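To start, the structure under review is shown below, and the notes come after it.
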Amino acid sequence: GEDVEQSLFLSVREGDSSVINCTYTDSSSTYLYWYKQEPGAGLQLLTYIFSNMDMKQDQRLTVLLNKKDKHLSLRIADTQTGDSAIYFCAEIPYTGRRALTFGSGTRLQVQP
Amino acid sequence: ETGVTQTPRHLVMGMTNKKSLKCEQHLGHNAMYWYKQSAKKPLELMFVYSLEERVENNSVPSRFSPECPNSSHLFLHLHTLQPEDSALYLCASSRQLAGGTDTQYFGPGTRLTVL
């Protein structure tokens, strides 16, 4: 079955790097996504990575994928207070369901 | 502004009421989705529509009834709900059924409280 797991909480100081981790079980996952949810708002797509890639960098964001271990991480460099939010990992399989399976979300708290 | 709007943003209803949630997208997308986000569970997919046809019903109780009159609008009709149905209901759309770069864009959600 499909399962996506994340740690619930991460606290960092402003200016440090944040690393949010995610594990998934579906080996047929083709694309993996990171979404951000700020209080009172819907989900905003941050970045995605195709399963044949190991790494993707987009400005302050770096996504690392270890397909063998089914482990995905999101690194945020120079974390700012505006990065405080809940971050969701999501995946979609090659076949089967037509929508994303989400993790439970990691709440990132950035302290000044 | 993501191009996906939801109304109302907040809704309080009794267990015997009937209400509807509305979602509208101005992105020209062909697929629309309802998700439920509660405090104790990850985001749960409820319904998927593609070109106004329901393609997935994820074992949702019949007290939730979706309607997709055209590719820009999606409704969720609610009747005789239970307090455990209190949650944030999120609508999303994508160009085609989700996958690859056809990812989903989310609305801000409707915060539903059932008394």
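If you go through the stretch A:37-52 one residue at a time, do you hit one that is over 30 Å from residue B:87 (Cα atoms), at pLDDT below 95 and in contact with a strand residue (DSSP E or B) (Cβ under 8 Å, 6 or more places away or on another chain)?
Among the residues of the stretch A:37-52, at least one is over 30 Å from residue B:87 (Cα atoms), at pLDDT below 95 and in contact with a strand residue (DSSP E or B) (Cβ under 8 Å, 6 or more places away or on another chain), which makes the answer yes.
Could you figure out which of (1) open to solvent by 10 Å² or more (accessible area, probe 1.4 Å); (2) at the interface with chain B (Cβ under 10 Å from one of its Cβ atoms) isn't true of residue A:26?
Of everything listed in (1) open to solvent by 10 Å² or more (accessible area, probe 1.4 Å); (2) at the interface with chain B (Cβ under 10 Å from one of its Cβ atoms), residue A:26 misses just condition (2).
Hey, could you check the stretch B:88-99 for residues that are out of contact with any Ser or Thr (no Cβ under 7 Å at 6 or more places or on another chain) and part of a loop (DSSP other than H, G, I, E, B) and say which is modelled with the highest pLDDT?
Taking the candidates together, the pick is B:95.
If you scan the stretch B:6-21, which residues turn out to be touching a Pro at 6+ places or on another chain (Cβ under 8 Å) and within 24 Å of residue B:57 (Cβ to Cβ)?
B:6, B:15, B:21
How about the stretch A:17-112: which strands (runs of 3 or more DSSP E) wholly inside it have at least 1 residues that are of a type in the set (Val, Ile, Thr)?
Details: elements: A:18-24, A:29-37, A:43-50, A:55-58, A:61-66, A:71-76, A:85-93, A:106-111.
Counting at least 1 such residues, we get A:18-24, A:29-37, A:43-50, A:61-66, A:71-76, A:85-93, A:106-111.
Mind checking which residues of the stretch A:59-72 are out of contact with any Leu (no Cβ under 8 Å at 6 or more places or on another chain), in contact (Cβ under 8 Å) with a residue 12 or more places away in the chain and under 16 Å from residue A:18 (Cα atoms)?
Listed by number, the list holds a single entry, A:60.
Examine the stretch A:86-107 for a residue that is in contact with a Lys or Arg (Cβ under 6 Å, 6 or more places away or on another chain) and either free of Cβ contacts under 8 Å to residues at least 60 places away in the same chain or over 21 Å from residue B:91 (Cα atoms) (or both), and state whether such a residue exists. Quick ask: steps written out before the conclusion?
Looking only at the stretch A:86-107, we keep the residues that are in contact with a Lys or Arg (Cβ under 6 Å, 6 or more places away or on another chain), and these are A:86-87.
With either free of Cβ contacts under 8 Å to residues at least 60 places away in the same chain or over 21 Å from residue B:91 (Cα atoms) (or both) added as a condition, the list becomes A:86.
Within the stretch A:86-107, one or more residues are in contact with a Lys or Arg (Cβ under 6 Å, 6 or more places away or on another chain) and either free of Cβ contacts under 8 Å to residues at least 60 places away in the same chain or over 21 Å from residue B:91 (Cα atoms) (or both).
Looking at the stretch B:9-33 only, could you name the residues that are touching a Phe, Trp or Tyr at 6+ places or on another chain (Cβ under 9 Å), within 11 Å of chain A (Cβ to nearest Cβ) and modelled with pLDDT of 95 or more?
Hit for the stretch B:9-33 is B:23, nothing else.
All but one of (1) surrounded by 16 or more Cβ atoms within 10 Å (Cβ to Cβ); (2) within 13 Å of chain A (Cβ to nearest Cβ); (3) over 20 Å from residue A:38 (Cα atoms); (4) more than 14 Å from the chain's Cα centre (by Cα) hold for residue B:103, so report the exception by its number.
(3)
Results for (1) open to solvent by 70 Å² or more (accessible area, probe 1.4 Å); (2) among the aliphatic types (A, V, I, L, M), shown as yes or no for each residue.
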| residue | (1), (2) |
| --- | --- |
| A:4 | no, yes |
| A:11 | no, no |
| A:22 | no, no |
| A:33 | no, no |
| A:38 | yes, no |
| A:44 | yes, no |
| A:57 | yes, no |
| A:61 | no, yes |
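Report yes if residue B:55 is hydrophobic (A, V, I, L, M, F, W, C), in contact (Cβ under 8 Å) with a residue 12 or more places away in the chain and either away from chain A (no Cβ under 14 Å) or part of a loop (DSSP other than H, G, I, E, B) (or both), otherwise no. Show your work before the answer.
Details: hydrophobic (A, V, I, L, M, F, W, C): yes; in contact (Cβ under 8 Å) with a residue 12 or more places away in the chain: yes; either away from chain A (no Cβ under 14 Å) or part of a loop (DSSP other than H, G, I, E, B) (or both): no.
Spelling it out, it is not the case that residue B:55 is hydrophobic (A, V, I, L, M, F, W, C), in contact (Cβ under 8 Å) with a residue 12 or more places away in the chain and either away from chain A (no Cβ under 14 Å) or part of a loop (DSSP other than H, G, I, E, B) (or both).
Which ones in the stretch A:63-90 are open to solvent by less than 10 Å² (accessible area, probe 1.4 Å) and either touching a Gly at 6+ places or on another chain (Cβ under 9 Å) or within 10 Å of another protein chain (Cβ to nearest Cβ) (or both)?
A:79, A:87, A:88, A:89, A:90, listed by residue number.
The values are calculated or read from the model by the stated rules, or taken from the named source; none is laboratory data. Just so it is clear, the model here is predicted, and its values are computed rather than measured. Counting neighbours? That spans all protein chains shown, and the Cβs are built from the backbone with ideal geometry, glycine included. All accessible areas refer to the heavy atoms of the entire protein, side chains included, with ligands and DNA or RNA removed. Shrake-Rupley method; radii C 1.70, N 1.55, O 1.52, S 1.80 Å.
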